[in-house]
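Since the structure comes first, as structure tokens, the remarks are kept for the end.
The values are calculated or read from the model by the stated rules, or taken from the named source; none is laboratory data. Bear in mind that the values here come from a model prediction, so they are computed numbers and not experimental data. No Cβ is skipped: glycine too gets one built from the backbone with ideal geometry, and neighbour counts run over all protein chains shown. Side chains are part of the model used for accessible areas, which takes the heavy atoms of the whole protein and leaves out ligands, DNA and RNA. Shrake-Rupley method; radii C 1.70, N 1.55, O 1.52, S 1.80 Å.
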Amino acid sequence: MDRLQKQKEYFYAMFTQEEKELLNYIPTVNGLLAFACAQYAERPAVSDGTVRYTYRALCERVAVRRGHLRALGLRQGDRVAVFSPNTMEAMELYLAIVTGGYVSVMLPAALDGNTLSALCQKFQVNCLFYDEALRETAQTAPGQKVSTVYPDAEPAEPAELTKDTVCSICLTGGTTGVPKGAVMTHGAIMRGAFNGCFTPGETLYQRYIAILPLSHIFGLVRGFLSCLYTGGLIFQCRDVKAAFTQIPVYKPNVLVIVPEMAEILVTLTKLKGKGFSESLKMLVIGAAPVPPRLMHEIDALGIGVVAGYGLTEGANLTSGNKEVLRKPESMGMVYPEQQTKVVDGELRIKGDNLMLGYWGDKAETAAAFDEEGWLKTGDLVRFDEDGYIYITGRIKNIIVLGNGENISPEELEKYFYKYDAVKDCLVRQDTVNGKQVIAVEILPLKAAVGEKSDAETQALFQNITDEVNAQLPSYKQIAKTIVRKEDFKRTNAMKVARNQGV
């Protein structure tokens with residue numbers, strides 16, 4: 001059996017017979033909304049914890065918002081930004097924008113005025129919708145600004161769109177640099193959303209809390225659109241920290257989160273008892289590596305775990321791993337309908353899930369693809385004999401030492417994540433006595449440190465470093481161990497930022 005056939009069987013085996021008959025790739029968000037309204041009409045779709053709308057009502061409200069967009073004088077192809085937490089209004093607006101033929105730009109609610117203004121200018125935003133709680137910050141942005149409050153407008157039909165119509169400009173979320181805007185078509189976004197439907201256990205009619213922001217492609221695609229695909233009920237989330245306290249109230253079955261959020265969930269469950277999270281059946285974790293220790297802790301709570309790998313430029317869902325306990329370091333298998341190849345250790349992908357390019361940046365776009373149209377992911381990988389993919393590093397993060405040796409920090413960090421005492425870590429270049437060396441910064445798991453003194457804590461992690469070094473060739477060995485007392489600076493996706501000095 002070739003790899004492509006093995007990939008297809010791997011994922012479709014997760015579907016029940018009912019799901020196989022019901023769920024197919026839909027090439028536009030228009031088609032998704034029509035499908036959901038027809039198939040799940042009277043099922044609950046979205047809720048703020050008090051008000052709840054069915055899929056039929058959601059479609060009707062989206063039609064009114066489309067009418068409002070047209071009444072504002074916007075033309076198809078115009079960029080329409082949404083500056084809001086994950087409210088029902090933001091969800092409705094996203095659907096109205098993209099089904100109306102406009103291009104969505106979902107912006108993080110935490111932006112300050114200067115950054116908001118800069119991003120609106122960068123993406124040539126024609127209209128900015130803002131949550132009322134963010135009104136003051138929104139006024140710093142140029143151009144037309146409108147509240148997300150539900151409008152008094154005549155409903156409008158969806159625009160005529162194809163899979164090649166531009167749908168969204170999605171902010172990249174890497175660990176270094178300024179976010180770029182990946183231009184995604186309807187077909188690409190919907191390929192990601194369909195891939196998100198492949199989940200072990202029951203997929204249809206699950207309950208979610210929209211914890212990850214819609215400005216993050218993982219939150220938009222898997223945390224929102226895949227839920228609509230499968231008839232889920234999605235509770236809004238104005239505040240991430242508050243969302244965890246709402247778990248016993250909203251009783252979600254599935255959460256789409258990043259590893260740092262999973263750590264919070266595990267800690268709260270241990271403090272409050274299993275009753276706190278008893279409704280949860282599955283955690284879908286992505287955007288950053290998941291420590292094996294964390295996977296086992298989640299499993300011990302009776303909650304399933306799936307992890308994976310993706311990038312904004314590929315509609316987020318490139319591979320998924322349903323065997324996290326058996327192959328905890330793997331990113332799983334590549335989703336169907338994608339081609340992959342490895343060139344000089346780098347993963348390259350091709351398929352209908354790829355971006356068109358970066359908004360307003362021809363040079364970066366040209367650099368992102370090779371001459372045959374394959375997306376250069378920048379990730380160093382290997383495949384095992386079963387077809388599972390492993391990320392071994394990032395090309396741009398490679399450390400070049402004075403002796404000419406190239407070191408992948410991610411490769412070394414994986415050794416540390418095997419230790420239960422390590423919550424997070426960062427391998428980087430440093431200097432000792434004027435010589436370039438490899439250093440590791442470690443954020444301890446509080447439970448592992450307990451009442452230990454600083455000296456005892458340092459000794460604990462130095463011992464771990466010594467054990468790691470014993471497994472490494474001399475040129476890769478770590479010469480400096482730094483134990484952090486404060487969390488790392490993190491990206492919007494809660495990854496550890498590579499540049500801790502900014």
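Couple of notes before you dig in:
- Residue-wise HN-Hα couplings along the range 387-393, as the Karplus relation 6.51 cos²θ - 1.76 cosθ + 1.60 with θ = phi - 60° gives them from phi, are x, 7, 9, 10, 8, 9, x Hz; Gly and Pro carry x.
- Distance between modelled label sites at A366 and K446, nm, 7 Å Cα→Cβ extension: 5.2
- Stretchable slack from K8 to V432, in nm (0.36 nm times residue separation minus alpha-carbon distance): 147.6 nm
- Of every Cα-Cα pair in the range 263-390, the percent that sits beyond 21 Å: 49
- Label zone at R56, where the point sits 7 Å out along the Cα-to-Cβ direction: the range 138-161 residues whose backbone N lies under 13 Å: none
- Cα-based shape type of the range 435-502, given that a ≥ b ≥ c are square roots of the gyration tensor eigenvalues and the cut on a/c is 1.5: oblate
- Where N is the number of residues in the range 107-241, Cα Rg divided by 2.2 N^0.38 Å: 1.16
- Mean ellipticity per residue at 222 nm, deg cm²/dmol - from DSSP H runs of n ≥ 4 across the chain, formula -39500 (n - 2.57): -8500 deg cm²/dmol
- Distance between the range 203-221 and the range 391-407 - C-alpha centres, whole angstrom: 35
- Qualifying trypsin sites (Lys or Arg not before Pro) in the range 281-353, DSSP loop, other Cβ atoms within 10 Å at most 16: R326
- Mean separation of Cα contacts under 8 Å, 6 or more apart, over the residue count of the chain: relative contact order %: 12
- Karplus (6.51, -1.76, 1.60) ³J(HN,Hα), θ = phi - 60°, over the range 134-151, in Hz, Gly and Pro reported as x: 10, 4, 4, 5, 4, 5, 6, 6, x, x, 6, 10, 9, 5, 7, 3, 4, x
- Cα centre as origin, Lys/Arg/Asp/Glu Cβ charges: the chain dipole, Debye: 440
- For the range 280-309 and the range 354-378, distance of Cα centres in Å: 32
- The trypsin sites (Lys or Arg not before Pro) of the range 406-463 that meet both conditions, a loop assignment by DSSP and at most 14 other Cβ atoms within 10 Å of the site Cβ, are K452.
- Calculated P(r) of the range 343-404 - Cα pairs past 16 Å, %: 57
- What a 1.4 Å probe finds exposed on the range 128-249 is 53% carbon and sulfur by accessible area, rounded to a whole percent.
- Our summary gives the range 356-460 a relative contact order of 13 percent, counting only alpha carbon pairs under 8 angstrom and 6 or more residues apart.
- A 1.4 Å probe run over the range 34-88, with the rest of the protein chains in place, finds 41 Å² accessible per residue.
- Measure of compaction for the range 77-132 (Cα Rg per 2.2 N^0.38 Å): 1.05
- Kirkwood Rh, Cα atoms: Rg over Rh of the range 203-276: 0.96
- Based on protein heavy atoms only, the range 107-165 ends up with 55 Å² per residue of surface accessible to a 1.4 Å probe.
- Of the accessible area of the range 423-502, computed with a 1.4 Å probe over protein heavy atoms only, carbon and sulfur atoms account for 47 percent.
- With both labels modelled 7 Å from their Cα along Cα-to-Cβ, the K251 to T392 distance reads 4.9 nm.
- Flagged links, alpha-carbon separation over 22 Å, of K180/K376; K418/K446; K6/K418; K241/K418; K322/K476: K6/K418; K241/K418; K322/K476
- Extension gain for A242 to Q76 (0.36 nm times residue separation, less C-alpha to C-alpha distance): 56.0 nm.
- Alpha-carbon centroids, the range 426-502 and the range 82-108: separation in whole Å: 40
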